[in-house]
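Chemist: This structure is in structure tokens; I'll ask about it shortly.
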Amino acid sequence: MLRSLLGGLLACCLTSSLYADPVLVTDKLGKKIDGVKLTSLEGKITELSSFQGKKGIAVVFLSFECPVSNSYAVTLTELHKKYQEKGIQFIGLCPTDEQPDSVRKLVTEYKIPFPVFVDPELTVTDAFKATATPEAFLLDHNFVLRYRGRIDNAYSARLKKNQNTTEFDLVKALDELVAGKAISTPATKAIGCPVVAKAALDRKITTQITFYKNVLPILQKNCQECHRPGEVGPFSLMTYKQAVNWADDIKEYSKSRQMPPWKPHGGPAYLNDRRMTDQEIETIAKWVDGGTPEGNIQEAPKPREFVEGWKLGKPDLILEVPEDFHVGPSGVDAFRCFVLPTGLTEDKYVIAQEVRPGNPAVVHHTLNFFDLTGGGRDMEKKEKERKKEPNEQDYGPGYSVAMSVGFLPDASKAPPGKPAFGGLSGWAPGQVPRFLPEGSGYFLPAGADIIIQTHYHRNGKPEKDRLKLGLYFAKGNIDKPFRTGTIQGLRPFLNVIPANEPHYVAHGTGWAQSDCTLHSVMPHMHLLGKSVKVTMQQPGQDAITLVDIHEWDYNWQETYWLKEPMAIKKGTKFDIEAVYDNSSKNPNNPTNPPKTVIVGEQTTDEMLFGFIGLTPIKGAGSASIRPIPPATQKPKEKTQDKK
């Protein structure tokens, strides 16, 4: 069963982690902020001084395009409610290209109770010398700046959350201001999405490379699939100002090849390689170093058109979650399983599939399975009958699990000769649906239910989603059923990763049991993983690398499809080796202080698998990988005629 759990999870495209170190900024501290004019969402001009008479003013720079900023919506709402009775007025400022109508809609959706203003010309941003969203500024009743910086220490770097929030800097400053005390820590490092100062847009130009002519085509090709409104990218890269906001990060992370996210080093050529060319990387660097000139908009390429419908044409079967699933605004991520009866009256082979989230911005990935045992239906029935807790924030169809599907399939409930349960690949943002190799497909038995286990991110406001799954069936004969072979490197009860161990090495081995064709490889670990490598050695040949990931990231898992499938011989050896860091220095460690970690299906447990996509060679037997070499056929003994 474990073989099928993650056999098809593909890339989490561009769910980036641009971890630039924040700097401590002390500009304007102890100085009066005056002459500032605020532009309301209705276009009216309001003087900051109109809030005169309050005990103080908390000005928070926000961006609804920034996931860090959005994650503080609930916190800021609670702070406003608590401190408005103590004479503190909260104000929101949006220093971005976001249009007032869009901001007004999102203010309503996030249920922000205090006034929010826009700053398209960056005049207010420049007056405060704001550097990030979110960034808080606390003024006293005389409009003198007493505190600037972060809200708390929920984040250690941009998009990188700490395990626990232990320092509440803005609350501390508010309490001291209300009490008439001096602010003990007047400045902290603001962590979030960058804000470009007005002067940065007018920097000296030293290059003829421009945004519209040279850079925008690169962003369209490599970034906008995910970095656009409503998609999974944590910010948009559709406009000049958005690109300038992220220019230094785009240069740094494209140069280091961390963006677009592509983890392998070496190995064979892959079909889904997302790396930029050297020329594209150099063009971005020259543009940034040369002052990020805008250029002539008449030289811009046509806006990229994104396919809104099914990318491979109309599917043969479309399954849809029957009603919206509601995702709460805050807390740990949600895993929800949806049970979708296929109604099939005959067996089918699935040659392609596409998942279409109703709300891509909150769907991290899915894993798709078929079930003939009714286990999913039983789980869903128990969820419907369960007494709900007051104010549960996640509700709707399906049932919640930590990982997998929440039950062990009972093979005795499946018809004779039919598999009780199996994997049907999966989906992640940025995945391009593709047909399996000709003549191959995933077996889908008649009467099966599809179970889609869905991982949801929270973004600071209530969301809802309704998934669709499109299946494409084989029209001709399938003589090469697609199989996922497995190499297992950690085993339950046999392996544990000790607490405070920074370099725990694990490995596993498997052998091909017949001649077959190799199509894909996918390694899988959890949060403690540091690096992983999968190699292959054909009989009588040297070992070659199939995939080598130096910096493992649980959020950037994918299946690597070989550009040229490889014919492999019976007895071919596959090895996987991985390193785990179970120390407090690992920022992804889910426990602090570290604890001993066992092998299991929970995200806080660990795994080590290499999933190998195979099809059989005609007449060679079923394609499979087992942890023991194939049996050697003994030669027949020669017989001699007796005289």
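Chemist: For the stretch 496-538 and the stretch 215-271, what is the separation of their C-alpha centers, rounded to whole Å?
Modeler: Value for the Cα centre distance between the two parts: 28 Å.
Chemist: If you fit an axis through the alpha-carbon atoms of helix 169-178 and take the longest principal axis of the Cα set of the chain, what angle between them do you get, 0 to 90°, nearest 10?
Modeler: Computed tilt is about 20 degrees.
Chemist: Something else now. Considering only PRO120, SER102, ILE151, whose Cα is most displaced toward the positive end of the charge dipole of the stretch 34-162, charges sitting on Cβ of Lys, Arg (+1) and Asp, Glu (-1)?
Modeler: ILE151
Chemist: How much net charge surrounds LYS388 when only other residues with a Cβ under 14 Å from its Cβ are counted (Lys, Arg +1; Asp, Glu -1)?
Modeler: Here the count lands on -1.
Chemist: Moving on to the next point. Using the Cα centre of the stretch 309-473 as the reference point, and only Cβ charges (+1 on K/R, -1 on D/E), how large is the resulting charge dipole? Debye, rounded to the nearest 20.
Modeler: 180
Chemist: Give me the three principal axis extents of the chain from the C-alpha atoms, as integers in angstrom, largest value leading.
Modeler: Sorted from largest, the Cα extents of the chain read 120, 63, 51 Å.
Chemist: Please compute, for the alpha-carbon atoms of the stretch 206-299, the extent along each of the three principal axes and give them in descending order in Å.
Modeler: The principal-axis extents, from largest down, are 40, 31, 21 Å.
Chemist: Can you tally the net charge around TYR472? Count Lys and Arg as +1, Asp and Glu as -1, for every other residue whose Cβ sits under 15 Å from the Cβ of TYR472. Write down the numbers at each step before the final one.
Modeler: Numbers: positive: LYS311, LYS314, LYS348, ARG356, ARG434, LYS468, LYS475; negative: ASP316, GLU354, GLU438.
Surrounding charge for TYR472 is +4.
Chemist: Note down the net charge around GLN279, summing +1 for each Lys or Arg and -1 for each Asp or Glu among other residues with Cβ under 15 Å from its Cβ.
Modeler: Summing Lys/Arg as +1 and Asp/Glu as -1 gives +4.
Chemist: Tell me the Rg and the Dmax, in Å, that the Cα atoms of the stretch 483-626 produce.
Modeler: Rg, Dmax (Cα atoms, Å): 16.1, 55.
Chemist: Moving on to the next point. With a cap of 13 neighbouring Cβ atoms within 10 Å, and only residues DSSP puts in a loop, list the trypsin sites (Lys or Arg not before Pro) found in the stretch 360-435.
Modeler: Filter output for the stretch 360-435: ARG386, LYS387, LYS388.
Chemist: Farthest toward the dipole's positive end in the chain, which of PHE211, PHE609, PHE325, given Cβ charges of +1 (Lys, Arg) and -1 (Asp, Glu) about the Cα centre?
Modeler: Projecting each Cα onto the dipole axis, the largest value belongs to PHE609.
Chemist: Across the stretch 435-444, in residue order, what do the Karplus-derived ³J(HN,Hα) couplings come to in whole Hz, using 6.51 cos²θ - 1.76 cosθ + 1.60 with θ = phi - 60° and x for Gly and Pro?
Modeler: Listing the rounded values in order: 7, 5, x, 3, x, 10, x, 8, 6, 10 Hz.
Chemist: Name the shape class, rounded, prolate or oblate, that the alpha-carbon gyration tensor gives for the stretch 309-473, where a ≥ b ≥ c are the square roots of its eigenvalues, rounded holds for a/c under 1.5, and otherwise prolate holds if a/b is larger than b/c and oblate otherwise. Write down the numbers at each step before the final one.
Modeler: Working: a/c = 2.24, a/b = 1.29, b/c = 1.74.
Cα axes put the stretch 309-473 in the oblate bin.
Chemist: How large is ³J(HN,Hα), in whole Hz, for each residue of the stretch 606-616 in order, when computed from phi with the Karplus curve 6.51 cos²θ - 1.76 cosθ + 1.60 and θ = phi - 60°, using x for Gly and Pro?
Modeler: Going residue by residue, I get 10, 9, 8, 10, x, 9, 10, x, 10, 10, x Hz, with x marking Gly and Pro.
Chemist: For the chain, with only Lys/Arg (+1) and Asp/Glu (-1) charged at the beta-carbon, what is the dipole magnitude about the Cα centre, in debye rounded to 20?
Modeler: With only Lys, Arg, Asp and Glu charged at Cβ, the dipole is about 860 debye.
Chemist: OK, next. List the GluC sites (Glu not before Pro) in the stretch 255-351 that DSSP assigns to loop (not H, G, I, E or B) and whose Cβ has at most 12 other Cβ atoms within 10 Å. Which are they?
Modeler: The qualifying sites are GLU305, GLU308, GLU323, GLU346.
Chemist: At most 14 other Cβ atoms within 10 Å and a DSSP loop assignment: could you name the trypsin sites (Lys or Arg not before Pro) in the stretch 443-482 that fit? All intermediate terms of the calculation are to be shown ahead of the outcome.
Modeler: On the way: sites: ARG458, LYS464, ARG466, LYS468, LYS475; in loops: ARG458, ARG466, LYS475.
Filter output for the stretch 443-482: LYS475.
Chemist: Based on the alpha-carbon gyration tensor of the stretch 249-354, what equivalent-ellipsoid semi-axes (square roots of 5 times the eigenvalues) come out, in whole Å, largest first?
Modeler: Each semi-axis is √(5λ); the values are 40, 20, 19 Å.
Chemist: Cα centroids of the stretch 69-99 and the stretch 112-158: how far apart, whole angstrom?
Modeler: 10
Chemist: Express in % the proportion of alpha carbon pairs of the stretch 349-389 at distances exceeding 15 Å.
Modeler: 65
Chemist: A further question follows. Suppose R0 equals 35 Å. What FRET efficiency, 1/(1 + (r/R0)^6) with r the Cβ-Cβ distance, do GLU564 and SER156 give to the nearest 0.05?
Modeler: 0.25
Chemist: Could you pull out the longest piece of the chain with no exposed loop chymotrypsin sites (Phe, Trp or Tyr not before Pro) in it, calling a site exposed if DSSP puts it outside H, G, I, E, B and it has at most 14 other Cβ atoms within 10 Å?
Modeler: Answer - 1-305.
Chemist: Note down the relative contact order for the stretch 434-561 as a percent, whole number, built from C-alpha pairs under 8 angstrom at least six residues apart. Please report the intermediate quantities before stating the final value.
Modeler: Numbers: 97 pairs, mean separation 24.7, N = 128.
Relative CO of the stretch 434-561 lands at 19 percent.
Chemist: State the Kirkwood hydrodynamic radius of the stretch 37-191 in Å, one decimal place, computed from all pairs of distinct Cα atoms. Walk me through the numbers on the way to the answer.
Modeler: Values: mean 1/r = 0.0640 Å⁻¹.
Taking every pair of different Cα atoms in the stretch 37-191, averaging 1/r and inverting gives 15.6 Å.
Chemist: What are the ³J(HN,Hα) couplings of the stretch 243-251, residue after residue, when phi is run through the Karplus curve with 6.51, -1.76, 1.60 and θ = phi - 60°? Round to Hz, x for glycine and proline.
Modeler: Computed from phi, the couplings for the stretch 243-251 are 5, 5, 4, 10, 4, 4, 5, 4, 4 Hz.
Chemist: Any chance you could give the angle, 0 to 90 degrees and rounded to 10, that helix 375-385 forms with the longest Cα principal axis of the chain?
Modeler: 40
No lab work stands behind these numbers, since they all come straight from the coordinates. In this text the structure is predicted, and so the values were computed from the model without any measurement. Neighbour counts are summed over all protein chains in view; Cβ atoms, including those assigned to glycine, are modelled from backbone coordinates with ideal geometry.
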